[in-house]
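Asks: Mind having a look at this structure? Questions to follow.
What follows is calculated from the coordinates using simple rules that are stated; it is not laboratory data. Not measured: the values here are computed from a predicted model. Note that we place each Cβ from the backbone using ideal geometry, even for glycine, and neighbour counts take in every protein chain shown.
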């Protein structure tokens, strides 16, 4: 039976929601022995980045949903603390005009986390982040599969949620591109995912959500083609 995915699409979080994920951050920092002063500094930097008004989807709401999925599937995640750190950093740098956002986000994670983690831990986080470029696993590790599936879990939500996501992505790009150029580029991206042998990599997501995601992608392509 499918688990209802704990995903929302919102331009910003209400104060109780912001307080919730802030508490999650400081709980995570404590588990990793990041001193409070430095934890505050890192949180403020991440909050600033994700609160940019140009982010209609890749914002704090996306981080909240990603963290909720991590908690839902916690028993399946081997390196949960590092996994959650990667969630916080994976879209920290996001500019729709740039093509190296994942690399820049991974480098930011290294810059801010290296003083507190082992080298292999930082590398693990970076590889999870970098795998979101093209959405292909870089590590032979089950956490990498889940990380990518969670990042694309929005594709398998009910249509009312998916359509908000689709609209939010368009909003992020329409500042720079005409609808004609955006529509052509968006259809190319969606068709790329449909042409893949599998959208999801973990057994749980392949079994429960692959068909839903493909149906949503096809529906969006039909809508874009009719505009």
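Asks: Taking 0.36 nm per residue of sequence separation and subtracting the Cα-Cα distance, how much length would be gained by fully extending the chain between residue 180 and residue 44, in nm to one decimal?
Replies: 45.2 nm
Asks: Multiply the residue gap between residue 159 and residue 133 by 0.36 nm, knock off their C-alpha separation, and tell me the result in nm, one decimal place. Please list the in-between numbers first.
Replies: On the way: separation 26, 0.36 × 26 = 9.36 nm, distance 2.51 nm.
Between residue 159 and residue 133, full extension yields 6.8 nm more.
Asks: Okay, moving on. Counting other beta carbons within 10 Å of each residue's own, what order do 22, 55 fall into, fewest first? Write down the numbers at each step before the final one.
Replies: Details: 22 14, 55 21.
By the 10 Å Cβ count, ascending, the order reads 22, 55.
Asks: Next question, about the same structure. Which residue, 24, 97, 140, tops the fluctuation ranking in a GNM of the chain built on C-alpha contacts under 10 Å?
Replies: Residue with maximal mean-square fluctuation among 24, 97, 140: 140.
Asks: Please arrange 157, 18 by counting, for each residue, the other beta carbons lying within 10 Å of its beta carbon, fewest first. Spell out each step's value before the answer.
Replies: Numbers: 157 23, 18 15.
Fewest-to-most Cβ neighbours within 10 Å comes out as 18, 157.
Asks: Could you give the semi-axes, largest first, of the ellipsoid that matches the stretch 155-226, computed as the square roots of 5 times the alpha carbon gyration tensor eigenvalues and rounded to whole Å?
Replies: The equivalent ellipsoid of the stretch 155-226 has semi-axes of 23, 13, 10 Å.
Asks: Of 91, 211, 149, which has the largest mean-square fluctuation in a 10 Å C-alpha GNM of the chain?
Replies: 211
Asks: Further, regarding this structure: Taking the highest mean first, how do the peptides 59-65, 213-219, 71-77 order by number of other beta carbon atoms within 10 angstrom per residue?
Replies: 59-65, 213-219, 71-77
Asks: With springs connecting C-alpha atoms under 10 Å apart, model the chain as a Gaussian network and identify which of 201, 147, 26 has the largest mean-square fluctuation.
Replies: In this elastic network of the chain, the residue with the biggest mean-square fluctuation among 201, 147, 26 is 26.
Asks: Here is a further query. Could you work out how far the C-alpha centroid of the stretch 168-227 sits from that of the stretch 1-31, in angstrom?
Replies: Spelled out, the Cα-based centre of one part sits 25 Å from the other.
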